[in-house]
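Peer 1: I am attaching a structure below and will ask some questions about it afterwards.
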Amino acid sequence: MTAKEYLQQAYRLNELIDSDAHELERLRDLAGRISSPNFGERVQSSRNLDAPFVKYLGDIMEMEEKIQKELCRLVVLKKQILTALESVSDREERLLLTYRYLNNESWEQIAVDLSVSMSTVHRIHASALRNFPVPNQS
């Protein structure tokens, strides 16, 4: 695994959690919609007397559990990455990797944070990836 692949694990997991959080909000929104009964319809013998939101509760609980597991994985992964980052001796390289892969900052924001040009950001990034010690994966 390359340094970039290793570091992107946290970046991508964070994006996945954000996506799942949006889906959870969508499910909650659907569950919150209350439809009025249509008294003109014929009642079938196998009536479903559950409130409309009930069918979403299981999906909501599953998504909450999934997000919780992903958050736990993210915390562990970030701790591992932080430990590995401690061995990067160059301060700017360490900061850049932290900003990008742990804080999910854009390249433009990193340039502002480091007070350097975009080309310098990319040069530091390339150097940082070469100097980053990828921990052994078991």
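Peer 1: Kindly list, by first and then second residue, each pair from a residue in segment 1-27 that is free of Cβ contacts under 8 Å to residues at least 40 places away in the same chain to a residue that is acidic (Asp, Glu) and part of a helix (DSSP H, G or I), limited to pairs with Cβ atoms under 7 Å and residues at least 6 apart or on different chains.
Peer 2: Every condition considered, the pairs that remain are Leu27/Asp59.
Peer 1: Take Ser89 and tell me if it is surrounded by fewer than 17 Cβ atoms within 10 Å (Cβ to Cβ) and at pLDDT below 85. Steps first, please.
Peer 2: Working: surrounded by fewer than 17 Cβ atoms within 10 Å (Cβ to Cβ): yes; at pLDDT below 85: no.
So Ser89 fails the test.
Peer 1: Take Thr83 and decide whether it is outside any loop (DSSP other than H, G, I, E, B), open to solvent by 20 Å² or more (accessible area, probe 1.4 Å) and touching a helix residue (DSSP H, G or I) at 6+ places or on another chain (Cβ under 8 Å).
Peer 2: It is false that Thr83 is outside any loop (DSSP other than H, G, I, E, B), open to solvent by 20 Å² or more (accessible area, probe 1.4 Å) and touching a helix residue (DSSP H, G or I) at 6+ places or on another chain (Cβ under 8 Å).
Peer 1: For Ala51, are the conditions met, namely being at pLDDT 90 or above and open to solvent by less than 60 Å² (accessible area, probe 1.4 Å)?
Peer 2: For Ala51, the condition - at pLDDT 90 or above and open to solvent by less than 60 Å² (accessible area, probe 1.4 Å) - is not met.
Peer 1: Pairs only if they're at least six apart or on different chains, beta carbon under 6 angstrom, first in segment 107-134 and farther than 24 Å from Lys79 by Cα, second among the polar types (S, T, N, Q); list them, first residue then second.
Peer 2: Going by the 6 Å Cβ cut-off, there are no qualifying pairs.
Peer 1: Between a first residue in segment 54-80 that is open to solvent by 70 Å² or more (accessible area, probe 1.4 Å) and a second residue that is among the acidic types (Asp, Glu) and assigned to a helix (DSSP H, G or I), which pairs have beta carbons less than 8 Å apart while being 6 or more apart in sequence or on different chains?
Peer 2: Lys66/Asp20
Peer 1: Restricting to segment 102-122, count the residues that are part of a helix (DSSP H, G or I) and of a type in the set (D, E, K, R).
Peer 2: 2
Peer 1: A further question on this structure: Looking at Leu114, Leu95, can you tell me which residue is in contact with an Asp or Glu (Cβ under 8 Å, 6 or more places away or on another chain), farther than 15 Å from Lys4 by Cβ and crowded, with 17+ Cβ neighbours inside 10 Å?
Peer 2: Testing whether each residue is in contact with an Asp or Glu (Cβ under 8 Å, 6 or more places away or on another chain), farther than 15 Å from Lys4 by Cβ and crowded, with 17+ Cβ neighbours inside 10 Å leaves just Leu95.
The values are calculated or read from the model by the stated rules, or taken from the named source; none is laboratory data. Model, not experiment: these values are computed from the prediction. A quick note on method: Cβ atoms are made from the backbone with ideal geometry, for glycine too, and the neighbour counts reach across all protein chains shown. Surface accessibility is based on the protein's heavy atoms, side chains included, excluding ligands, DNA and RNA. Shrake-Rupley method; radii C 1.70, N 1.55, O 1.52, S 1.80 Å.
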